[in-house]
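**Q** Have a look at this one before I ask anything.
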Amino acid sequence: MKLLVSLALLALVGVAIGEEYKMVCYYTNWAQYRAGRGKYFPENVDPKLCSHLIYSFAKLTGNKLAMFEWNDEQMYAKFQALKQQNPKVKTLIAVGGWNLGSGPFSAIAKSQANRMEFCTDTVRFLRKYGFDGLDFDWEYPANRGSPPADKANFAKWTQECRQVFEAEAKETGKERLLLTAAVAAGPATVRTAYDVPMIAKYLDFINLMEYDIHGQWESQTGHQSALLPA
């Protein structure tokens, strides 16, 4: 299992695992609304810095992925054009985020029929817009109004999507779509939200939201990647 640590948006993260090294970069579609020099578009990303680029975020409408911003389709095209600069880079789209919450995820996760409709339609969505995979960003299963059963439901969901992705690759001869997830860093949330052995079996890699280890709830500044133990 390959574990990555996501830091910021645009986030650059990476870890060496054996002979592999992944540098995962998240691009947020609201960066276009920043003022002045903070304004950021897909064409401003240097794809040679990254092994994987993740476009954030898509939302959920019913049991399907849906665009979030008014110009996402145009932004997708610019995002995929980055492959012209680095043909090796893989592009994924993330669904969810803090603002989406648990409700739309939980509604899908509660039944196998809903989950399978999502997985199947997601293949269509990813292929249509040229993405190489999907990044789940459910914050968080069995938390924020999500029932305890969603811990198991999310694990089943990852299994089912992985199986759908594998079947589609076998049928079409295309490279299999990737399946990843951004997960909580806090031990209490991890224990309640994730069946870690099961999701580790079906996800290609996991992005740990390490930027949540410290925050405004503390009385002093804490760095997520300390050089020395506390």
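**Q** For H223, what accessible surface area do you get with a 1.4 Å probe? Give it in Å², rounded to 10.
**A** It works out to around 130 Å².
**Q** When the helix-only estimate is applied to the chain (DSSP H runs of n ≥ 4, each -39,500 (n - 2.57), divided by the residue count), what is the mean residue ellipticity at 222 nm, nearest 500 deg cm²/dmol?
**A** Details: 6 runs with 72 residues, N = 230.
Here the helix-only value at 222 nm equals -9500 deg cm²/dmol.
**Q** Averaged per residue, what accessible surface does the range 61-172 expose to a 1.4 Å probe, in Å²?
**A** Details: 5010 Å² over 112 residues.
Per-residue accessible area for the range 61-172 comes out at 45 Å².
**Q** Whenever you get a sec, line up W98, W70, W30, W157 from highest to lowest accessible area (probe 1.4 Å, protein heavy atoms). Write out the running numbers ahead of the final one.
**A** Details: W98 135, W70 195, W30 105, W157 0 Å².
The residues order as W70, W98, W30, W157, largest area first.
**Q** Please give me the summed charge of the neighbours of H223: other residues whose Cβ is under 14 Å from its Cβ, Lys and Arg +1, Asp and Glu -1.
**A** -3
**Q** Please compute the net charge surrounding I54, taking Lys and Arg as +1 and Asp and Glu as -1 over other residues with Cβ under 11 Å from its Cβ. Kindly include the intermediate steps, with their values, before the conclusion.
**A** Numbers: positive: K90; negative: D132, D135, D137.
Value of the local net charge: -2.
**Q** Another question, if that's okay. Among the listed pairs K39/K128; K39/K151; K22/K110; K22/K151, which are separated by more than 29 Å between their Cα atoms?
**A** Values: K39/K128 27 Å; K39/K151 37 Å; K22/K110 33 Å; K22/K151 27 Å.
Going by Cα-Cα distance, K39/K151; K22/K110 fall outside the 29 Å limit.
**Q** Heads up, I need the accessible area for S219: 1.4 angstrom probe, whole protein in place, Å², nearest 10.
**A** Surface open to solvent at S219 totals about 130 Å².
**Q** Could I ask something else about it? Ignoring ligands, DNA and RNA, how do T172, T180 rank by accessible area with a 1.4 Å probe, largest first? Don't skip to the answer; put the middle values down first.
**A** Details: T172 70, T180 0 Å².
Listed by decreasing accessible area, they come as T172, T180.
**Q** Working with all protein chains in place, sort K83, K110, K22, K39 by solvent-accessible area computed with a 1.4 Å probe, largest first. The partial results should precede the final answer.
**A** Values: K83 50, K110 150, K22 30, K39 90 Å².
Final ranking, largest accessible area leading: K110, K39, K83, K22.
The values are calculated or read from the model by the stated rules, or taken from the named source; none is laboratory data. In this text the structure is predicted, and so the values were computed from the model without any measurement. Backbone-built Cβ (ideal geometry, glycine too); neighbour counts: all protein chains shown. Each accessible area value is taken on the protein alone, full model and side chains, heavy atoms only, with ligands, DNA and RNA left out. Shrake-Rupley method; radii C 1.70, N 1.55, O 1.52, S 1.80 Å.
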